[in-house]
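Values quoted throughout were computed directly from the atomic coordinates according to the rules given, and no laboratory measurement underlies them. Only a predicted model underlies this, so the values are computations on that prediction, with no experimental measurement involved. All Cβ positions, glycine included, derive from the backbone under ideal geometry; neighbour counts span all protein chains shown.
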Amino acid sequence: MKTFGQVDHERKVYHCVLDGFANPEQKEAILTGFTKTLESLDASEYSLVFDCRKLATFLPELLPILESYYRFYMTLGFKKVIIINPLHAPSAMQLKRVAKKVDFHPVFVQTEEEIPYYLAS
């Protein structure tokens, strides 16, 4: 899975793009990179947006990694977490099912155009 992020200080949004397949060997590097970016932010003033449109479905044995990511994001204290659903329906259903399992409540949207509505509310 490739990931890269960009901080929009004006809109107070940390925008991350996730694509490809989950890779257990990348987990620590992804979390470390994410944490390093957050050192310069007050997460309580920012929203976190994940663009998952090109994210592939997690293999069943890798779902604990997704769960750990969700638990990690919940500890950070962002104002809101918004996830742009994957284009592949089974991937979108999987993200929602695992979020529910770990009691993570992001806003799931279909398009990037929906994001400003949720940032304003």
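Across the chain, Cα pairs under 8 Å and at least six residues apart give a relative contact order of 24 percent.
Just report the Cα centroid separation between the range 67-100 and the range 5-55, whole Å. Using only Cα atoms, the two centres lie 12 Å from each other. Size descriptor for the chain, Kirkwood hydrodynamic radius: 14.5 Å (Cα pairs only, one decimal). Quick one: grab the alpha carbon gyration tensor of the range 77-121, order the square roots of its eigenvalues as a ≥ b ≥ c, and give me rounded if a/c is under 1.5, else prolate or oblate depending on whether a/b is larger than b/c. Oblate shape, in that a/c is at least 1.5 and b/c is the bigger or equal ratio. In a fully extended conformation the segment linking A120 and A29 would gain 29.5 nm over its present Cα-Cα distance, using 0.36 nm per residue.
Placing +1 on the Cβ of every Lys and Arg and -1 on the Cβ of every Asp and Glu, with nothing else charged, gives the range 2-120 a dipole about its Cα centre of roughly 300 debye. For F50, the amide hydrogen comes within under 5 Å of the amide hydrogens of C16, I82, I83, I84, counting only partners 5 or more places away or on other chains and with H modelled in the peptide plane. Taking every lysine pair in the chain that is 8 or more places apart or spans two chains, those with Cα atoms closer than 22 Å amount to 23. By the count of neighbouring beta-carbon atoms within 10 Å, fewest first, V13, V7 end up ordered V7, V13.
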